[in-house]
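To keep things clear, I will list the structure first and then write my remarks on it.
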Ligand code: FES
Ligand code: FES
């Protein structure tokens with residue numbers, strides 16, 4: 001039980017019961033994929049979005065990383081489902097970190113999830129240019 005307490009309840013919940021784990025079938029249409037990692041710890045998140053009619057219909061992830069990265073990915077996929085790509089692009093790692101009450105040393109785990117969401121949407125927009133209004137300014 002002591003080990004469990006190291007994570008907040010929300011992290012624990014998403015850690016024990018991560019949502020949307022997996023990946024889409026190879027060759028599935030309207031999917032954007034991102035693989036992002038941090039050299040510092042070697043943790044990697046693969047995250048995919050399926051976008052149809054301008055809305056994120058589904059999202060899936062696989063995380064090869066710490067519990068906070070898994071919980072962050074899980075919560076991120078929950079947050080972006082049903083949103084437009086433009087809305088999902090607004091997702092801030094702090095939204096995730098606050099909800100999961102990540103301690104300072106784990107903030108970067110939520111950043112990894114934010115990066116994954118952004119890159120997955122960008123990948124989709126590259127593959128399907130003009131399908132959704134690309135309102136995101138290149139940064
Ligand atoms: Fe692990 Fe930063 S040290 S993602
Ligand atoms: Fe690496 Fe959390 S410590 S992503």
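For this structure, a couple of remarks:
- Region 17-139, relative contact order in percent, only Cα pairs under 8 angstrom and at least six apart counted: 29
- At 0.692 mPa s and 37 °C, Stokes D of the chain from Kirkwood alpha-carbon radius, µm² per second: 219
- Take the Cα of residue 127, go 7 Å toward its beta carbon, and the backbone nitrogen atoms of region 29-58 under 18 Å from that spot belong to 29-36, 45-58.
- Helical mean residue ellipticity (222 nm; -39500 (n - 2.57) per DSSP H run of 4+; nearest 500) of the chain: -12500 deg cm²/dmol
- Largest GNM mean-square fluctuation across 101, 25, 127, computed for the chain with C-alpha springs under 10 Å, falls on 25.
- Residue 30 versus residue 86: modelled label distance in nm, points set 7 Å from Cα along the beta carbon direction: 1.9
- Gain on full extension, evaluated as 0.36 nm per residue between residue 55 and residue 40 minus their Cα-Cα distance, stands at 2.0 nm.
None of the figures in this text is laboratory data; all of them are computed from the coordinates on show. Since the structure is predicted, the reported quantities are computational estimates derived from the model, not experimental observations. Reconstructed Cβ throughout: ideal geometry from the backbone, glycine too, with neighbour counts over all protein chains shown.
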